[in-house]
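Peer 1: To start, I am sharing the structure in question, which I have written as structure tokens.
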Amino acid sequence: MAKKEKTPSQTPMMVQYQKIKDQYPDAFLFYRLGDFYEMFNEDAIKGAQLLELTLTTRNHNSDNPIPMCGVPHHAVQNYIDILVDKGYKVAICEQMEDPKLAKGMVKREVIQLITPGTNTEVGSESAKSNNYLTALVADTSNHKMGFSYADIATGELKAATLADSNDLINEVMSLKTKEIVVNSTVSATILDQLTKIGILVSHQEEVTVKAETSYLMQGLENKIQEKSVSLLLTYINVTQKRSLAHLQRAVSYEPSRYLKLDHYSQYNLELTQNIRTKKKSGTLLWLLDETKTAMGARLLKRWLDRPLLSKAAIEDRQNKVKVLLEYYFERSNLQDELVSVYDLERLAGRVAFGNVNGRDLIQLKTSLQQVPKIKHVLDTLETPEFDEILKSLDPVEDVAVAIESAIVDEPPMSVTDGNLIKDNYNDQLDQYRDAMQNGKQWIAELQASERKITGINNLKVAYNRVFGYYIEVTKVNLSKLPEGRYERKQTLTNAERFSTPELKEREQLILEAQEKSAALEYTLFTDLREKVKLAIQRLQKLAQVISTLDVLQSFAVVSENYRLVQPQMTQNAHDLQIVQGRHPVVEKVMGRQSYVPNDIRMDPQTSILLITGPNMSGKSTYMRQLALTVIMAQMGCFVPAESAKLPIFDQIFTRIGAADDLISGQSTFMVEMQEANQAVLHATQNSLILFDEIGRGTATYDGMALAQSIIEYVHDHVHAKTLFSTHYHELTALEDNLSELRNVHVGAVEKNGELVFLHQVENGPADKSYGIHVAKLAGMPEELLNRASDILSRLEEENQGKTISAVTEPRKQLKINEEAQEAEKPTTVNEDEQLSLFSEKSVDPKSEKVLTDLKTLNLMSLTPMDVMNLVNKWQQKLGK
Ligand code: ADP
Ligand code: MG
């Protein structure tokens, strides 16, 4: 194929364009051309499509017209946001000199690379959540990964050491990062996984950490974390090309210090995103968010992503909520004060970037002036709970005072055109202003005196940008002008414009004063900005304290509105007693009157509740209710119940059944097994497992066998608190054999010929004849229903014995095998028995292969599910 040749007609501008574009192959290059940012070639074709712009061409008469499209410079942010939102990068290429003054080609440079993870200019709704840029490096020698993240708008910077790709996926999913920076240490498999879940992977090989940012890494735990942060900082430097003074010192964190929730669970439980609408409405976050500031809203989301594990820390939050709940008036005063606090974190970020204007500083001042008022409210609480917060609330008064004395109350957007510094702030500025004022006064008087001298009543003294001050006389009156004193400046159709030596002199003075005063104002402004910059760390600390207060008051409001109570937290007690608990979101949506509260009771001797009941009776709701209650409690919030005693859980695993599965197009049964496997492998006795109708995605016996073996495995080996709902009624018989399992069911009754769901959870297994019952209600013929009843009882008779015997035998075998393994005698009576099964018939090659597999199998390395899969494979081999 012929290579695209450089056409001789390529203009110097296109040569410059191409040179710059080559440095940013993976970004849209927005090339500044006068009042527009232009895109060319591939960028233009793709950009026009994505941004709905008209595609034109440059040099359209030549052989190789260049595709082109552009956006006006004043609206550029919208277009950047659209592209970045879609996961693309945008390189902003500016004119670095005034085109009027430039000799030859105007110099151009990329001043910023905006990427999904570094975009800070986002709308007010998105300010309610953080935009995290993440970075990953791997250490091949010990299979550890250094992971870090930063929010460029707020300066938050954290790092962790991760053990495997599971940890990684959980971190990136819960941070909702859009972009991850990697280098060549990261394996292709992991890159593949990251790309699959829609994260933009950016490669950065070279690492250069500037001296001014190296101190950010001093507190980190180990080298691999440092490497990750270095990579992150390098990438930020390379793309942002501006001050990063507001980045906070990196802090090491341990993902395991928080209640672990894998992303399946976060998704299934609809914590921050509604499964159907993808919106916040109808989620736990939606219920809990009564925050008054954007910083508070962001912190709430972080708390929801990371519920606590420490009893002391949880109780500390809950006790503060209790105080705020009790002190109604003080709380409402606190809210009033919080409303006037602007986004301190982001303001601090903009101070560091150097793109604050006068209005931002006024917002900062207003926010700081709220701090003493907030302190006063906390003072009136008369309780020790808020002492520490009170002490750490620094009003950063020096900054507030400095802004107050310098900046006018309603400054203009621009910081270079003057009118933003107060009078009496700077002597020199006051003098310039006097000169301007006097000069303008003099000019006003000039008009009056000139009219008198000349007798021309419509004589005007005025100003324009090109000609400066002038005296204007209409043509009719020209003859009245005395000779010699007036210099002609400009001729119009109906008038002439003149100047005089005195006017020129005054003009000089005024313009000079104006120019100097604007320049001086800008200098004074930047001095002030530098002063504020020194206080960035204090401002960030203040932002943290205020957002904490905001979330706590939000919890108090929610607790009051939805009648939540403080739970009693216990560590390692394994006793869970929720009296009259509710699903807070379902209750909010359907209304308090219609929701039926339920107890959830699991004493230390109970690890599994097996939940049966007809469809739509409320099984799933009951299970989710527990998960949300646990999460709310460990965030430090109150819980929806009359009273609650809760153990502190280390992890929550969920598997919501195929019937409720809305992820289409995937092998749902495979997903189901993967999720169940996560729980079986990683849960501890301090975990919470929710298995909702597991095994539904496959044939009845297959599914039931799996369900039963999963229950047994959890019962025998995991001991996690487990809610297991099932439509396999046969499983209720397990209660006889499994000492830690209890049956509960959700009741329903027939009322006036209709099946009424009571949504009431009761002890014992469900009455199982609902299917036929519903068919009857639907009006099916009597004969058909009778036949169904007959078949049902026959099946029950036949299966009763089988299922129950199947319950015990495999478990015994498993146990015997375990013992055998311990005694290091793999061949036992058991295996001989199994062999004899086959030895009666002649052994064909297929069976022999199965037998060898069976003999050489290392049972201890397999999960029950692996075994199920193997047995299935063998059965198929044997031609079942
Ligand atoms: P299942 O899992 O048993 O099929 P769901 O938990 O999905 O049932 O509940 C079905 C519907 O019943 C829910 O959408 C909800 O409207 C209602 N529901 C569930 N639990 C309750 C309750 N405790 N009080 C009132 N309505 C409830
Ligand atoms: Mg359900």
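The values are calculated or read from the model by the stated rules, or taken from the named source; none is laboratory data. Since we're looking at a predicted model, the values are computed, not measured. Note that we place each Cβ from the backbone using ideal geometry, even for glycine, and neighbour counts take in every protein chain shown. Heads up: the accessible areas ignore ligands, DNA and RNA and are worked out on the full protein's heavy atoms, side chains in. Shrake-Rupley method; radii C 1.70, N 1.55, O 1.52, S 1.80 Å.
Peer 1: If THR277 passes every condition in (1) out of contact with any Asp or Glu (no Cβ under 8 Å at 6 or more places or on another chain); (2) surrounded by 15 or more Cβ atoms within 10 Å (Cβ to Cβ) but one, which one does it miss?
Peer 2: Of (1) out of contact with any Asp or Glu (no Cβ under 8 Å at 6 or more places or on another chain); (2) surrounded by 15 or more Cβ atoms within 10 Å (Cβ to Cβ), only one is false for THR277: (2).
Peer 1: Counting just the residues of region 572-612 that are of a type in the set (Val, Ile, Thr) and touching a helix residue (DSSP H, G or I) at 6+ places or on another chain (Cβ under 7 Å), which one comes out most open to solvent (accessible area, probe 1.4 Å)?
Peer 2: Taking the candidates together, the pick is VAL586.
Conditions tested, residue by residue: (1) away from ligand 1 (no atom under 13 Å from the Cβ); (2) not in a loop (DSSP other than H, G, I, E, B).
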residue: TYR595; (1), (2): no, no
residue: ARG601; (1), (2): yes, yes
residue: GLN605; (1), (2): yes, no
residue: ILE611; (1), (2): no, yes
residue: SER617; (1), (2): no, no
residue: TYR622; (1), (2): no, yes
residue: LEU626; (1), (2): no, yes
residue: ILE631; (1), (2): yes, yes
residue: GLN634; (1), (2): yes, yes
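Peer 1: For region 321-333, which positions are surrounded by fewer than 23 Cβ atoms within 10 Å (Cβ to Cβ) and assigned to a helix (DSSP H, G or I)?
Peer 2: Residues satisfying the conditions are LYS322, VAL323, LEU325, GLU326, TYR328, PHE329, GLU330, ARG331, SER332, ASN333.
Peer 1: Could you list, in sequence order, the residues of region 734-764 that are away from ligand 2 (no atom under 16 Å from the Cβ) and buried (at least 21 other Cβ atoms within 10 Å of the Cβ)?
Peer 2: Result: LEU734, LEU741.
Peer 1: Report, by residue number, each residue of region 281-290 that is surrounded by fewer than 19 Cβ atoms within 10 Å (Cβ to Cβ) and under 20 Å from THR629 (Cβ atoms).
Peer 2: Initially, region 281-290 is screened for residues surrounded by fewer than 19 Cβ atoms within 10 Å (Cβ to Cβ), giving 281-282, 286.
Of everything in region 281-290, those that are surrounded by fewer than 19 Cβ atoms within 10 Å (Cβ to Cβ) and under 20 Å from THR629 (Cβ atoms) turn out to be GLY282, TRP286.
Peer 1: Here are some residues: ALA159, ALA138, ALA150. Which one is assigned to a strand (DSSP E or B), touching a helix residue (DSSP H, G or I) at 6+ places or on another chain (Cβ under 8 Å) and without any contact (Cβ under 8 Å) to a residue 60 or more places away in the chain?
Peer 2: Details: ALA159 fails: without any contact (Cβ under 8 Å) to a residue 60 or more places away in the chain; ALA150 fails: without any contact (Cβ under 8 Å) to a residue 60 or more places away in the chain.
Selected residue: ALA138, the only one of ALA159, ALA138, ALA150 that is assigned to a strand (DSSP E or B), touching a helix residue (DSSP H, G or I) at 6+ places or on another chain (Cβ under 8 Å) and without any contact (Cβ under 8 Å) to a residue 60 or more places away in the chain.
Peer 1: Going through region 242-252 one residue at a time, which ones are open to solvent by 50 Å² or more (accessible area, probe 1.4 Å) and either closer than 16 Å to THR134 by Cβ or modelled with pLDDT of 90 or more (or both)?
Peer 2: The one that is open to solvent by 50 Å² or more (accessible area, probe 1.4 Å) and either closer than 16 Å to THR134 by Cβ or modelled with pLDDT of 90 or more (or both): VAL251.
Peer 1: Under 30 Å from THR293 (Cβ atoms), outside the structural domain of SER202 (by TED's automatic domain parsing) and open to solvent by 20 Å² or more (accessible area, probe 1.4 Å) - does that describe any residue in region 86-104?
Peer 2: Yes, region 86-104 has at least one match.
Peer 1: State whether the residues of region 506-524 include one that is more than 16 Å from ligand 1 (Cβ to nearest atom), surrounded by fewer than 16 Cβ atoms within 10 Å (Cβ to Cβ), of a type in the set (Gly, Ala, Ser) and free of Cβ contacts under 8 Å to residues at least 24 places away in the same chain.
Peer 2: Scanning region 506-524 turns up at least one residue that is more than 16 Å from ligand 1 (Cβ to nearest atom), surrounded by fewer than 16 Cβ atoms within 10 Å (Cβ to Cβ), of a type in the set (Gly, Ala, Ser) and free of Cβ contacts under 8 Å to residues at least 24 places away in the same chain.
Peer 1: Sticking with this structure for a sec: Please verify whether SER559 is away from ligand 1 (no atom under 11 Å from the Cβ), part of a helix (DSSP H, G or I) and under 28 Å from LYS301 (Cβ atoms), treating the condition exactly as stated.
Peer 2: yes
Peer 1: Hey, another quick one. Taking the condition over 23 Å from ASN686 (Cα atoms), open to solvent by less than 10 Å² (accessible area, probe 1.4 Å) and touching a strand residue (DSSP E or B) at 6+ places or on another chain (Cβ under 7 Å), does LEU731 pass?
Peer 2: Yes.
Peer 1: Test each condition in (1) among the charged types (D, E, K, R); (2) within 21 Å of MET704 (Cα to Cα); (3) modelled with pLDDT of 75 or more for GLU782 and report the one that comes out false.
Peer 2: Checking GLU782 against (1) among the charged types (D, E, K, R); (2) within 21 Å of MET704 (Cα to Cα); (3) modelled with pLDDT of 75 or more, the one that fails is (2).
Peer 1: Quick check on region 765-784: of everything there that is in a loop (DSSP other than H, G, I, E, B) and surrounded by 17 or more Cβ atoms within 10 Å (Cβ to Cβ), which residue is nearest to ligand 2 (Cβ to nearest atom)?
Peer 2: Among those that are in a loop (DSSP other than H, G, I, E, B) and surrounded by 17 or more Cβ atoms within 10 Å (Cβ to Cβ), it is ALA766.
Peer 1: Additional query: Do you know which residues across region 493-538 are touching an Asp or Glu at 6+ places or on another chain (Cβ under 8 Å) and of a type in the set (A, V, I, L, M, F, W, C)?
Peer 2: Those that are touching an Asp or Glu at 6+ places or on another chain (Cβ under 8 Å) and of a type in the set (A, V, I, L, M, F, W, C): ALA495, PHE498, ALA518, ALA535.
Peer 1: Sticking with this one: Read through the list (1) touching a residue at least 60 places away in the same chain (Cβ under 8 Å); (2) more than 16 Å from ligand 1 (Cβ to nearest atom); (3) surrounded by fewer than 17 Cβ atoms within 10 Å (Cβ to Cβ), then give the number of the only condition that MET569 fails.
Peer 2: Condition not satisfied by MET569: (3).
Peer 1: Further, regarding this structure: Taking VAL586, is it closer than 30 Å to PHE649 by Cα and either in the same structural domain as ARG331 (by TED's automatic domain parsing) or among the aromatic types (Phe, Trp, Tyr) (or both)?
Peer 2: No, not satisfied.
Peer 1: Among the listed residues LYS391, LYS422, identify the single one that is in contact with a strand residue (DSSP E or B) (Cβ under 8 Å, 6 or more places away or on another chain) and without any contact (Cβ under 8 Å) to a residue 24 or more places away in the chain.
Peer 2: Details: LYS391 fails: in contact with a strand residue (DSSP E or B) (Cβ under 8 Å, 6 or more places away or on another chain).
Answer to the check: LYS422.
Peer 1: Taking helices (runs of 4 or more DSSP H) that do not extend beyond region 166-241, which have at least 3 residues that are open to solvent by less than 30 Å² (accessible area, probe 1.4 Å)? Explain how you work it out, then say what you get.
Peer 2: Values: elements: 188-196, 211-214, 223-240.
Qualifying helices (runs of 4 or more DSSP H): 223-240.
Peer 1: Does LEU851 meet the test of being outside the structural domain of GLU672 (by TED's automatic domain parsing), open to solvent by less than 50 Å² (accessible area, probe 1.4 Å) and modelled with pLDDT of 70 or more?
Peer 2: Against the criterion (outside the structural domain of GLU672 (by TED's automatic domain parsing), open to solvent by less than 50 Å² (accessible area, probe 1.4 Å) and modelled with pLDDT of 70 or more), LEU851 qualifies.
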